[in-house]
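Okay, structure first, notes after.
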Amino acid sequence: MTNRHPPSWRPRISARQAGAFTRAQAIAEGLNKRQVAYRLESGIFCKVAGIGLRHRQDPVTPAMLAHAAHLTWPDTVLAGPTAAMVLGAPLRLHNAHVISQFRRKPQMHLIPHEFKILPWERDSWRGLPITTLSRSLIDAFVVLPKQDAQALFVWAHTHDRIDTADLELHLEHFPGRWGNTRLRQFLAQAHTGVMSPAEALAHDILRRSNLTGWKPDVTIRDGLGIIARVDVLFPTERVVVEIDGRRFHGSDRFQADRTRDNRLQNAGYLVLRFTWQDLTTRQGMVITQIRQALAQRTPGFRA
């Protein structure tokens, strides 16, 4: 090994490919085949997806995964969970999903699909062909395990990344597609506004307690735009009820929730948050707190 290529060396082109590169690119920039083989065997270079490689000091990112897929099959389109991930969906995957015009065998961490794409469902991301966000999410709903797909749908719907029109249009254009049963279930959820068993239970508790004047699944805006799609809103009293789920609530989600709550409060809303445990073991407390909040906002309201 020469000083010209120390162990920290990467091909310069990798900087334009989110850290991904190929054997051929490493050789084109100065390594020989034996040196590349040595760096792979010793773990200096690591495989990402397909023929894509990375330096061991560079962590795998959604962008790196996308570039590795494109380096392997340049004629494919980034799609499904991978496309949704690079476009902002809170997914952490190790496999890249692409749409191919013909049948291909899967490669390491690279999964091809032969889905049909409508012309307006194609887009570009950092120079790479990709499906639009709505189409990417729809394909992700179909290919992900059911629990993961459900969690992603809740995130997409509550953050206004997809709406009922997107699902209805897709079902209209692809009536016999595999996975449509799940898409119809999600469409029904979107129409009812019930995104989870916890929300369904919350609605049932509100009805049994004879509380009226509330609306499920409401989008609230301020001068900066959309603040949030809240689980339950009492519009007259400006009281918001949120049900905290377990999925997609890491540190980033916690911070986003706090920022959102601050905007809601500045816009004049009172925010109450309850957990699944609250709904199942402390229903009396839940209703009492909601009634007290409504009483604070409505003169003459009897809590």
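The values are calculated or read from the model by the stated rules, or taken from the named source; none is laboratory data. Keep in mind that this is a model prediction, so the values were computed, not measured. Don't worry about glycine lacking a Cβ; one is built from the backbone with ideal geometry, like all the others, and counts go over all protein chains shown.
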I'd like to check something: does the range 6-25 contain any residue that is over 20 Å from ASN95 (Cα atoms), crowded, with 18+ Cβ neighbours inside 10 Å, aliphatic (A, V, I, L, M) and touching a residue at least 24 places away in the same chain (Cβ under 8 Å)? no
Here is a list: GLN150, GLN189. Which entry is modelled with pLDDT under 95, under 27 Å from ILE99 (Cα atoms) and of a type outside the set (A, V, I, L, M, F, W, C)? GLN150
Quick test of your reading of the structure: ALA49 fulfils all but one of (1) assigned to a helix (DSSP H, G or I); (2) touching a residue at least 60 places away in the same chain (Cβ under 8 Å). Name the failing condition by number. (1)
Contact list, first residue from the range 275-288 and among the hydroxyl-bearing types (Ser, Thr, Tyr), second anywhere and not in a helix (DSSP H, G or I), beta-carbon distance below 6 Å, six or more apart or interchain, is THR275/ASP244
Search the range 169-191 for residues being part of a loop (DSSP other than H, G, I, E, B) and of a type in the set (A, V, I, L, M, F, W, C), and hand back the single one that is surrounded by the fewest Cβ atoms within 10 Å (Cβ to Cβ). TRP178
What pairs come out if I take residues in the range 194-211 that are farther than 19 Å from PHE153 by Cα and pair them with residues that are among the basic types (Lys, Arg) whose C-beta lies under 9 Å away, six or more apart or interchain? SER209/ARG291; LEU211/ARG291
Can we say LYS105 is assigned by TED's automatic domain parsing to the domain that holds ASP139 and of a type in the set (Lys, Arg)? yes
Of all residues being outside any helix (DSSP H, G or I) and aromatic (Phe, Trp, Tyr) in the range 17-45, which is nearest to TRP73 (Cα to Cα)? Just the residue, please. PHE21
Being out of contact with any helix residue (DSSP H, G or I) (no Cβ under 7 Å at 6 or more places or on another chain) and crowded, with 23+ Cβ neighbours inside 10 Å narrows it down to one of HIS70, HIS109, so name that one. HIS70
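Looking for something within 25 Å of the chain's Cα centre (by Cα) and either within 24 Å of GLY127 (Cβ to Cβ) or not assigned by TED's automatic domain parsing to the domain that holds VAL154 (or both) - is there at least one such residue anywhere in the range 19-30?
Yes, the range 19-30 has at least one match.
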